[in-house]
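Scroll down for the structure; my scribbles are underneath it.
The values are calculated or read from the model by the stated rules, or taken from the named source; none is laboratory data. All values derive from a computational prediction rather than experimental measurement. In this analysis, Cβ positions are derived from the backbone assuming ideal geometry, glycine residues included, and neighbour counts consider all displayed protein chains. Calculation scope for accessible area: heavy atoms of the full protein, side chains included, ligands and nucleic acids excluded. Shrake-Rupley method; radii C 1.70, N 1.55, O 1.52, S 1.80 Å.
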Amino acid sequence: MNIIKTLRAEKSLTQSALAELCGVHQTAVSQWEKGRTMPDAESLKILSSVLGASIDTILGSTASPVNSVKIPVLGYVRAGAPVEAIEEIIDYEEISPRLAASGEFFALSIRGNSMEPKMCEGDTVIVRKQSDIESGEVAVVLVNSMDATVKKVVKNGTGISLIPFNPDYSVMDFSAEEISKLPVSIIGKVVELRRKF
């Protein structure tokens, strides 16, 4: 029996009660107990507290270990000029339960060639949702609240620069005022690149 289901039963909690405590739909708890998905980082903290078990126990001690967690590929992100961000599930990718436990993840398919040779059209990037990154990291950035692009983000005293790897493309510079007015916002850090042959 799945450890989450076992611990839930020991606490005399229904799936719906546990779901409410974790702030998720009952379907999510059902998927956890069937070993089809793993809880995100916040849900793991709550589960650990409510069920009286360590996060490692919840992640590792299941009768049917989950070797991977599926995350959605939400449309395309432009490696070039920003294009309208589309949140349409076009595929799924798998990540490790340990990575999944470190935050909330989604994937995007690359369009365009501004990030070549490191990122090419058709590649998929694994993205951890976060609103800030360290200068020099690669992120998915939203411009005008609707145009998503993937670029290396460099911070400076007056704003940020979105830098392509391909030298044929221009750097996009945004002042602090433009960041606020447009706006320009980071929606996630690229943590992994996957290429299909």
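Do the alpha carbons of any pairs in Lys118/Lys181; Lys118/Lys155; Lys45/Lys189; Lys118/Lys189; Lys34/Lys151 sit beyond 26 Å of each other, and which pairs? Flagged as over cut-off: Lys118/Lys181; Lys34/Lys151. Take every Cα pair under 8 Å whose residues are at least 6 apart in sequence, average their separation, divide by the length of the chain, and the relative contact order is 17 percent.
As a fraction of the 1.4 Å probe accessible area of the chain, surface on carbon and sulfur atoms comes out at 49 percent. Counting only Cβ charges, +1 for Lys and Arg and -1 for Asp and Glu, the dipole size of the chain around its Cα centre is about 540 debye.
Only one of (1) 25, 21, 16; (2) 37, 18, 13; (3) 28, 21, 18 was calculated from the structure for semi-axes √(5λ) of the Cα gyration tensor in Å, and its label is (2).
Within the chain, DSSP assigns beta bridges of which about 90% are antiparallel (rounded to the nearest 5).
When nucleic acids and ligands are ignored and a 1.4 Å probe is applied, Asp91 ends up with an accessible area of around 70 Å². Each residue, Glu20 and Ser135, gets one label point 7 Å from its Cα in the Cβ direction; the gap between the two is 4.9 nm.
Run the numbers for Leu182 and Glu121: contour at 0.36 nm per residue of separation, minus the present Cα-Cα distance, in nm.
Values: separation 61, 0.36 × 61 = 21.96 nm, distance 2.71 nm.
Extra length available between Leu182 and Glu121 comes to 19.2 nm.
Over region 87-197, Cα pairs under 8 Å with separation of 6+ residues give a relative contact order of 29 percent. Taking every protein chain into account, the accessible area of the chain amounts to 52 square angstrom per residue (probe 1.4 Å).
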